[in-house]
Amino acid sequence: MDIKQQINQLREALREHNYNYYVLDKPTISDYEFDVKLKELQGLENKYPEFYDANSPTLRVGGEITKNFETIVHDHRMYSLDNSYSKEDLLDWETRVKKLVDGDVQYTCELKYDGASISLTYENGELIRAVTRGDGIQGDNVTNNIKTIPTVPLKLKGEYPPKFDIRGEIVLPHDGFLKMNEERIAAGEEPYANPRNTASGSLKLQDSAEVARRPLDCLLYNITGNNLGLETQYESLEKARAWGFKAPQESKLVNSIEEVLAYVNYWDIERHNLPYETDGVVIKVNGLQQQEELGFTSKAPRWAMAYKFKAEQVVTQLNEITYQVGRTGAITPVANLTPVQLAGTVVKRASLHNADQIAKLDIRVGDEVYVEKGGEIIPKIVGVNLEKRAENSIATEYASDCPECGAPLERKDGEAQHYCPNYNGCLPQIAGRIQHYISRKAMDIEGLGGETVTLLVKEGLIKNYADLYMLTKDDVIPLERMAEKSAENLVNGIEKSKEIPFERVLFALGVRYVGETVAKKLVKHYKTIDAIMTATQEDLVNVDEIGIKIAESVQEFFSDQDNQELISRLKVYGIQLEMSAEKLANQTETLKGLTFVVSGVFYRVSRNELKKMIEDNGGKVSSSISSKTTYIVAGDKMGPSKLEKANKLEIEIINEDTFLAKLGM
């Protein structure tokens, strides 16, 4: 046997032993025998570097140093999930699902693991990339650190698709977490707060050898890609296990919401016997074709729902109510509490939401209050222990003036929040608007963070986001904690933002109620900032999915003289304020005024490509059939109830070829 064969045999044997030990929990050799084989392989690899393999089992021990984690755009977006807290929520979701898909619907129930989300990319059976969730659109490349986790296969078993992403959660099991804290306490160091944050922090450690020393686990639950040959979510979990992934066996295929609730009730108790933390159950429509039919909202898949276990609740004292000012001028009251442990973290503050909430609960300084941390990241006060209230307690009077600039607060009819009207003179509003402008989903300006923005505003270097484009390296170097290299990165990041496309620029401007989805709709319809600025309320309301509230806000923003001046300056600085020539070239009015429902399986182009073609050519895509539907583009396996409804409403059904012919393809 030659050296290369010997090395490959050792690698294969170690991979199999690793899988047996960590994934199946059925070791076939002792730890000592495993270590002997590993050291033998390390010796051969050091002696014969020409046989290097980026996915060798020896790399599990770490040693790679990563100083800067590269930002990677996900091939397939990582969406968040909608949350539910009751049977009624689930029944409402089921009703929506059954309106949009044909046939019987089965559900896959899986535990919701409490860790750090990860996306692993495999090509030809080998791990090529591991990326954190980030903002769902892009995340950080943490491949070197992920390779140290034993339950992440570096090479797959059996037969698998040529390329796919698999999503999961990096968790720190209870036993490992306790052991880590025992070691830290013994060394005189502060213990870690909770397993979730420790797992998340581990992914961004610079030294992968340190990551390797942490007993992290990787639980996989979702396969994403093109032409994978899979038909159901449950089948995809079984396939994942066959390929060598640790896809927990607790998942279950069920046929009704009643069975879903039985699963939830069982695991609400039994989860305390699991080796890792969970905070709920994820319910998914099992059929992948049905998932595709259901699609996504701007934030979450319509085919999945997270059912959260009842939130943990603690009692503590409310010491003070303070008020925060947001970028829109909205005032948020905040409860400052006696620190208390809740869901693995120390809670010192909680949101009180608005004046109505304070009045409804009759919350007062000095009260003992009940605090929960449920579906929200920020804890909230859900009640008051009136039996412990002091006799001299004074009812809370809501703030009348802005805590930052002193302007009298306003509250519009029909709105829950108070607002500071000092748009151009209130520092948190100014800084908040600029922080929104530079954020990742907006202009994504590297080298510039929230603290630096606040400092720039306080120092009088900027008063609005247009001022950013006047900054020089010499302007920012004197700032606290600003070295020459970081000043250079900041100025370069601002310059690079001039390449950001128009729809993200429009979102970045901070027009109230204009989120990412609305910004895309407006850009698609109007093409240029000038057209949006001169649009009447009546024009705006006629745009797909734009209501009166958004139309009023858009018109109010662009009729303001200061905002008009800002736009003029952004034009001069070269910001993208119209649709690019490339995008315009792909846009036509061929399908203007037509509404399509896309259903079934297609072969020449994918369902998503069909939908994009409709929208790029002026048409509208609807998820359900109604009297407003012009055509149904039907592929194979279109459901019988859709066919029946189409015939009843006398809606024309066309196939893929006929549709493409309309576009001259």
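The values are calculated or read from the model by the stated rules, or taken from the named source; none is laboratory data. Treat the numbers as computed from the prediction; the structure is a model and nothing was measured. Heads up, the Cβs are rebuilt from the backbone with ideal geometry, glycines too, and the neighbour counts pull from every protein chain shown. Each accessible area value is taken on the protein alone, full model and side chains, heavy atoms only, with ligands, DNA and RNA left out. Shrake-Rupley method; radii C 1.70, N 1.55, O 1.52, S 1.80 Å.
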Report every pair of residues separated by at least 6 positions or lying on different chains whose Cβ atoms are under 7 Å apart, first residue within segment 4-18 and closer than 13 Å to Lys155 by Cβ, second open to solvent by 20 Å² or more (accessible area, probe 1.4 Å) and not in a helix (DSSP H, G or I).
Arg11/Asp53; Arg15/Lys155; Asn18/Pro150
Exactly one condition in (1) under 30 Å from Asn255 (Cβ atoms); (2) at pLDDT below 95 is false for Ala304; which is it?
(2)
Starting from residues that are among the aliphatic types (A, V, I, L, M) and in contact with a Lys or Arg (Cβ under 8 Å, 6 or more places away or on another chain), keep the ones in segment 392-428 and report whichever is nearest to Gly329 (Cα to Cα).
Leu427
Being modelled with pLDDT of 90 or more and more than 30 Å from Pro428 (Cβ to Cβ) is true for just one of Gln357, Gln290, Gln317. Which residue is that?
Gln290
Just one of Asn492, Asn464 is in contact (Cβ under 8 Å) with a residue 60 or more places away in the chain and more than 27 Å from Ser298 (Cβ to Cβ); which is it?
Asn464
Scanning segment 52-76 for residues that are of a type in the set (D, E, K, R), open to solvent by less than 80 Å² (accessible area, probe 1.4 Å) and assigned to a loop (DSSP other than H, G, I, E, B) gives Asp53
Only helices (runs of 4 or more DSSP H) wholly contained in segment 470-578 count here; list those with 1 or more residues that are closer than 24 Å to Thr595 by Cβ.
502-508, 516-526, 529-533, 537-541, 548-559
Collect the residues in segment 251-261 that are in a helix (DSSP H, G or I) and either at pLDDT 95 or above or open to solvent by less than 60 Å² (accessible area, probe 1.4 Å) (or both), keeping them in residue-number order.
Ile257, Glu259, Val260, Leu261
Determine whether segment 498-508 contains at least one residue that is in contact with an Asp or Glu (Cβ under 8 Å, 6 or more places away or on another chain), small (Gly, Ala, Ser), closer than 28 Å to Ala330 by Cβ and modelled with pLDDT of 95 or more.
no
Exactly one of Val543, Val554, Val523 is surrounded by 14 or more Cβ atoms within 10 Å (Cβ to Cβ), in contact with a His (Cβ under 8 Å, 6 or more places away or on another chain) and closer than 20 Å to Val505 by Cα, and that one is Val543
Expected single match for at pLDDT 95 or above and open to solvent by less than 60 Å² (accessible area, probe 1.4 Å) among Phe245, Phe177 is Phe245
Output the number of the condition that Tyr276 fails; it satisfies all remaining conditions of (1) within 18 Å of the chain's Cα centre (by Cα); (2) buried (at least 16 other Cβ atoms within 10 Å of the Cβ); (3) assigned to a loop (DSSP other than H, G, I, E, B).
(1)
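Conditions (1) surrounded by 12 or more Cβ atoms within 10 Å (Cβ to Cβ); (2) touching a residue at least 60 places away in the same chain (Cβ under 8 Å); (3) among the charged types (D, E, K, R), marked per residue:
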site: Lys380; (1), (2), (3): yes, no, yes
site: Gly383; (1), (2), (3): yes, no, no
site: Glu397; (1), (2), (3): no, no, yes
site: Asp413; (1), (2), (3): no, no, yes
Anything in segment 232-250 that is part of a helix (DSSP H, G or I) and of a type outside the set (Lys, Arg)? List them, or say none.
Gln233, Tyr234, Glu235, Ser236, Leu237, Glu238, Ala240, Ala242, Trp243
Search result, residues across segment 644-656 that are open to solvent by 80 Å² or more (accessible area, probe 1.4 Å) and either in contact (Cβ under 8 Å) with a residue 24 or more places away in the chain or closer than 11 Å to Ser599 by Cβ (or both):
Lys645
Whether any residue in segment 28-51 is open to solvent by 40 Å² or more (accessible area, probe 1.4 Å), within 23 Å of Ala240 (Cα to Cα), modelled with pLDDT of 80 or more and not in a helix (DSSP H, G or I) is what I want to check.
yes
Looking at segment 297-308, can you tell me whether even one residue there is open to solvent by 10 Å² or more (accessible area, probe 1.4 Å), out of contact with any His (no Cβ under 7 Å at 6 or more places or on another chain) and farther than 30 Å from Lys99 by Cα?
no
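Residue-by-condition table, conditions (1) open to solvent by less than 50 Å² (accessible area, probe 1.4 Å); (2) farther than 30 Å from Glu12 by Cβ; (3) in a loop (DSSP other than H, G, I, E, B); (4) without any contact (Cβ under 8 Å) to a residue 40 or more places away in the chain:
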residue	(1), (2), (3), (4)
Ser117	yes, yes, no, no
Leu127	yes, no, no, no
Asp135	yes, yes, yes, no
Glu159	no, no, yes, yes
Phe164	yes, no, no, no
Ile185	no, yes, no, yes
Asn197	no, yes, no, no
Take segment 394-445 and flag every residue that is more than 20 Å from Thr322 (Cβ to Cβ), assigned to a loop (DSSP other than H, G, I, E, B) and among the basic types (Lys, Arg).
Lys412, Arg440, Lys441
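Check Ile625, Ile614 and return the single one that is part of a loop (DSSP other than H, G, I, E, B), in contact with a strand residue (DSSP E or B) (Cβ under 6 Å, 6 or more places away or on another chain), under 29 Å from Gln289 (Cα atoms) and of a type in the set (Val, Ile, Thr).
Ile625
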Answer yes or no: is there a residue in segment 196-213 that is at pLDDT 95 or above, of a type in the set (S, T, N, Q) and out of contact with any Cys (no Cβ under 9 Å at 6 or more places or on another chain).
no
From the list Val340, Val334, exactly one residue is among the aliphatic types (A, V, I, L, M), without any contact (Cβ under 8 Å) to a residue 24 or more places away in the chain, closer than 30 Å to Tyr192 by Cβ and open to solvent by less than 40 Å² (accessible area, probe 1.4 Å). Which is it?
Val334
